[in-house]
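*Asks:* Here it is: the structure, laid out below.
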Amino acid sequence: MPKIRITAGGHSFLAETHPDAPDTVAAFLKLLPYHQKLIHVRWSGEGCWVPLGEFVLENDGRKVGFENHTSHPSVGDILFYPGGYSETEIILAYGSCSFASKMGQLAGNHFLTITESKENLRALGVKTLWEGAQDVVFELA
């Protein structure tokens, strides 16, 4: 399984891809290195997200749908929501998190799990909450 380095807010994390989300992982790997902005969630609790608007993630010419989706990510889980009831997004849980939007509960594909430096996730989350948007980079480790 490929490992992904995630750098944001002065912290660096290592994540493993999740074997139960093969379409999401394959499509996301094609985007690397991927540069975005990470902001604090509004509805989901202790998490940060990358709002992607109408972006469509595709694998081999077809839209990535739901696979291995959950509404309750654990600390260090990273989900991809392919859109539908709310905008497309990536969400990273740093504490208690229940994935939702103003429309209600959502479920996203669990495609990455942070395995190294997880102890720094809360610091990233708090920094993002109090200092605002952070640059984030996802790249092959």
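Every residue, every condition in (1) under 18 Å from Asp60 (Cα atoms); (2) open to solvent by less than 40 Å² (accessible area, probe 1.4 Å), yes or no:
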site	(1), (2)
Met1	no, no
Ile6	no, yes
Gly9	no, yes
Leu14	no, yes
Ala21	yes, yes
Ala27	yes, yes
Leu32	yes, yes
His35	no, no
Arg42	no, no
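*Asks:* If you take the residues in region 108-137 that are among the polar types (S, T, N, Q) and touching a helix residue (DSSP H, G or I) at 6+ places or on another chain (Cβ under 6 Å), which one is nearest to His40 (Cα to Cα)?
*Replies:* Gln134
*Asks:* Still on this model: When region 79-120 is examined, which residues are found to be of a type in the set (Val, Ile, Thr) and under 14 Å from Thr24 (Cα atoms)?
*Replies:* Across region 79-120, the qualifying residues are Thr88, Ile90, Ile91, Thr113.
*Asks:* What are the pairs with Cβ atoms under 7 angstrom where one residue, in region 103-118, is in contact (Cβ under 8 Å) with a residue 40 or more places away in the chain and open to solvent by less than 10 Å² (accessible area, probe 1.4 Å) and the other, located anywhere, is part of a strand (DSSP E or B) and among the hydroxyl-bearing types (Ser, Thr, Tyr)? Sequence gap at least six, or different chains.
*Replies:* Close Cβ pairs satisfying both conditions: Phe111/Thr17; Leu112/Thr17.
*Asks:* Looking at Thr128, is it in contact with an Asp or Glu (Cβ under 7 Å, 6 or more places away or on another chain) and polar (S, T, N, Q)?
*Replies:* In short, no.
*Asks:* Could you tell me whether Val56 is out of contact with any Gly (no Cβ under 6 Å at 6 or more places or on another chain), hydrophobic (A, V, I, L, M, F, W, C) and in a loop (DSSP other than H, G, I, E, B)?
*Replies:* Here the answer is yes, as Val56 does meet what is asked.
*Asks:* Here is a further query. So which of Ser74, Ser12, Ser44, Ser86 ends up being within 15 Å of Phe111 (Cβ to Cβ) and touching a strand residue (DSSP E or B) at 6+ places or on another chain (Cβ under 7 Å)?
*Replies:* Ser74
*Asks:* So, in region 59-83, of the ones that are β-branched (Val, Ile, Thr) and not in a strand (DSSP E or B), which residue ends up most open to solvent (accessible area, probe 1.4 Å)?
*Replies:* In this case the residue turns out to be Val75.
*Asks:* Could you check region 84-140 and list, in sequence order, the residues that are polar (S, T, N, Q) and under 25 Å from Pro33 (Cα atoms)?
*Replies:* Thr88, Asn109, Thr113, Thr115, Ser117, Asn120, Thr128, Gln134
*Asks:* Sticking with this one: Hey, could you check region 84-98 for residues that are part of a loop (DSSP other than H, G, I, E, B) and more than 20 Å from Gln134 (Cα to Cα) and say which is least open to solvent (accessible area, probe 1.4 Å)?
*Replies:* Here the residue is Ser86.
*Asks:* Moving to a separate point now. Within the bounds of region 30-41, is there any residue that is under 20 Å from Cys97 (Cα atoms), part of a loop (DSSP other than H, G, I, E, B) and modelled with pLDDT of 95 or more?
*Replies:* Looking through region 30-41, at least one residue is under 20 Å from Cys97 (Cα atoms), part of a loop (DSSP other than H, G, I, E, B) and modelled with pLDDT of 95 or more.
*Asks:* Continuing with this model, one more query. Under 6 Å by Cβ, and 6 or more places apart or on different chains, what pairs join a residue from region 59-75 that is touching a residue at least 40 places away in the same chain (Cβ under 8 Å) with one that is of a type in the set (Asp, Glu) and part of a loop (DSSP other than H, G, I, E, B)?
*Replies:* Taking only residues 6 or more apart or on different chains, the pairs are Asn68/Asp20.
*Asks:* Which one is surrounded by the most Cβ atoms within 10 Å (Cβ to Cβ), of the residues in region 119-141 that are assigned to a strand (DSSP E or B) and of a type in the set (Val, Ile, Thr)?
*Replies:* Residue satisfying both the conditions and the ranking: Val136.
The values are calculated or read from the model by the stated rules, or taken from the named source; none is laboratory data. Remember, predicted model here, so these are calculated numbers, not experimental data. Cβ: placed from backbone, ideal geometry, glycine included. Neighbour counts: every protein chain shown. These accessible areas exclude ligands, DNA and RNA; they are computed on the full protein's heavy atoms, side chains included. Shrake-Rupley method; radii C 1.70, N 1.55, O 1.52, S 1.80 Å.
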